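A.B. asks: Before I ask anything, here is the structure I am working with.
The values are calculated or read from the model by the stated rules, or taken from the named source; none is laboratory data. For clarity, every value in this text was computed on a predicted model and none was experimentally measured. Heads up, the Cβs are rebuilt from the backbone with ideal geometry, glycines too, and the neighbour counts pull from every protein chain shown. With ligands, DNA and RNA removed, areas are computed over all heavy atoms of the protein, side chains included. Shrake-Rupley method; radii C 1.70, N 1.55, O 1.52, S 1.80 Å.
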Amino acid sequence: MKPKTLFMLVLGSLIYVLGINYFIVTANIFSAGLMGLAQEFAQTINHIFSFGWSNTSSQYLTVQTFAYWALNLPALILGFTKVGKKFTTKTLICSFVFIPLFMNILVSESSLLLDIDGQLTLASQVLSAVVGGTLTGMGMGIIFRYGGSSGGTDIVATYLALFKGKSFGKYNLMINLVVITWAVILFNDFKVAILLLILIFVQSRAVDYFYNFHDKVTLFAITTKEDELREIVLSTPDRTYTKLNATLGYSQTEAALLMIVINKEELDLAINAFKKADPDCFIDVISTASISGNFENRFKTQL
């Protein structure tokens, strides 16, 4: 594993945990995914045996960590067999090492978003859910960009997104409805469910914003320098184009219309390379809803 990749996995895990420990937990909200289930499990043990643990105590965090590890095992097996070995290895490093480590050492006793009187109000809880969802989504997005995940439902959502071609965020949101339902059944508190729904929605949107590996675009390039652009496209592994003959309307000059489907994250590089090779190249980009046929998703090369 490259040092930069390892550093970014650590950074993503750190941001993810800061969102949980400094905004979500301190606002008395459960996290999304398996981390949320692990927190609910620790809270259940706390209630059943009347231990009186706070959600930042070492005992609570220890139970939460072991529950998180146990819940992650089936998802890691799915990731190893269905998604990819490199992806699962990086996920293992994040979910079994970095995230639990930061969860246990970067602990905050009070919310950073208390109101003027120092009280935790519903408004500050909602704001904590938004900020916490943004930070956890950002951390997950960074981890995804470098070929891993924070574990649990992320692995399941990644598997569904890669093989169904839909938004990771949408699948993650659907899976996390289980967490919301369990919170309502366990604590009989619909306010917690609403806060969780806000958090999960913001987190899902943040993940898709920071690394939306399923989005594709179709690039149309009208050029009189087909050979130069052809060399650029074909120099990229698993990329090609479709050519249509065209005529420039004003000058009646013969040209080529090139159609290329790429991942959205490749767009800026493609446009810059095309404009450098042909400054007069006319480029039109449209969103692509779905693809049927041979297309190599760049994310899969990291798995």
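A.B. asks: Give me a count of the residues in the range 122-134 that are touching a helix residue (DSSP H, G or I) at 6+ places or on another chain (Cβ under 9 Å), surrounded by fewer than 22 Cβ atoms within 10 Å (Cβ to Cβ) and either without any contact (Cβ under 8 Å) to a residue 12 or more places away in the chain or among the hydrophobic types (A, V, I, L, M, F, W, C) (or both).
C.D. replies: So the count comes out to 5.
A.B. asks: Sticking with this structure for a sec: Look at Leu113 and say whether it is modelled with pLDDT under 85, among the hydrophobic types (A, V, I, L, M, F, W, C), open to solvent by less than 70 Å² (accessible area, probe 1.4 Å) and over 19 Å from Leu34 (Cα atoms).
C.D. replies: yes
A.B. asks: Additional query: What's the total number of residues in the range 18-34 that are over 17 Å from Glu109 (Cβ atoms), open to solvent by 10 Å² or more (accessible area, probe 1.4 Å) and part of a helix (DSSP H, G or I)?
C.D. replies: Qualifying residue count, the range 18-34: 1.
A.B. asks: Same structure, new question: Conditions: (1) at pLDDT 70 or above; (2) of a type in the set (Gly, Ala, Ser); (3) outside any loop (DSSP other than H, G, I, E, B). Ala161 meets all but one. Number of the miss?
C.D. replies: Result: Ala161 fails condition (1) only.
A.B. asks: State whether the residues of the range 47-56 include one that is within 23 Å of Ile194 (Cβ to Cβ) and assigned to a helix (DSSP H, G or I). Before the answer, list the steps.
C.D. replies: Quick first cut of the range 47-56, residues within 23 Å of Ile194 (Cβ to Cβ) only: 47, 55.
When the remaining residues are screened for being assigned to a helix (DSSP H, G or I), the result is 47.
The answer is yes, given that some residue of the range 47-56 is within 23 Å of Ile194 (Cβ to Cβ) and assigned to a helix (DSSP H, G or I).
A.B. asks: Still on this structure, I have one more. Quick one: in the range 206-235, which of the residues that are open to solvent by less than 50 Å² (accessible area, probe 1.4 Å) and without any contact (Cβ under 8 Å) to a residue 40 or more places away in the chain is nearest to Val285 (Cα to Cα)?
C.D. replies: Val233
A.B. asks: Within the range 76-94, identify whether any single residue is of a type outside the set (Gly, Ala, Ser), part of a loop (DSSP other than H, G, I, E, B), under 25 Å from Phe210 (Cβ atoms) and within 19 Å of the chain's Cα centre (by Cα), and answer yes or no.
C.D. replies: Of all residues in the range 76-94, those of a type outside the set (Gly, Ala, Ser) come to 76-78, 80-83, 85-94.
Those still in the list that are part of a loop (DSSP other than H, G, I, E, B) too: none.
No, because not a single residue in the range 76-94 is of a type outside the set (Gly, Ala, Ser), part of a loop (DSSP other than H, G, I, E, B), under 25 Å from Phe210 (Cβ atoms) and within 19 Å of the chain's Cα centre (by Cα).
A.B. asks: Between Leu73, Leu101, Leu37, which is within 24 Å of Ala129 (Cα to Cα), open to solvent by 20 Å² or more (accessible area, probe 1.4 Å) and out of contact with any Leu (no Cβ under 7 Å at 6 or more places or on another chain)? Give the derivation first.
C.D. replies: Working: Leu73 fails: within 24 Å of Ala129 (Cα to Cα); Leu37 fails: out of contact with any Leu (no Cβ under 7 Å at 6 or more places or on another chain).
From the options Leu73, Leu101, Leu37, the qualifying one is Leu101.
A.B. asks: All but one of (1) open to solvent by less than 10 Å² (accessible area, probe 1.4 Å); (2) at pLDDT below 75 hold for Asn176, so report the exception by its number.
C.D. replies: That leaves (2) as the condition not met.
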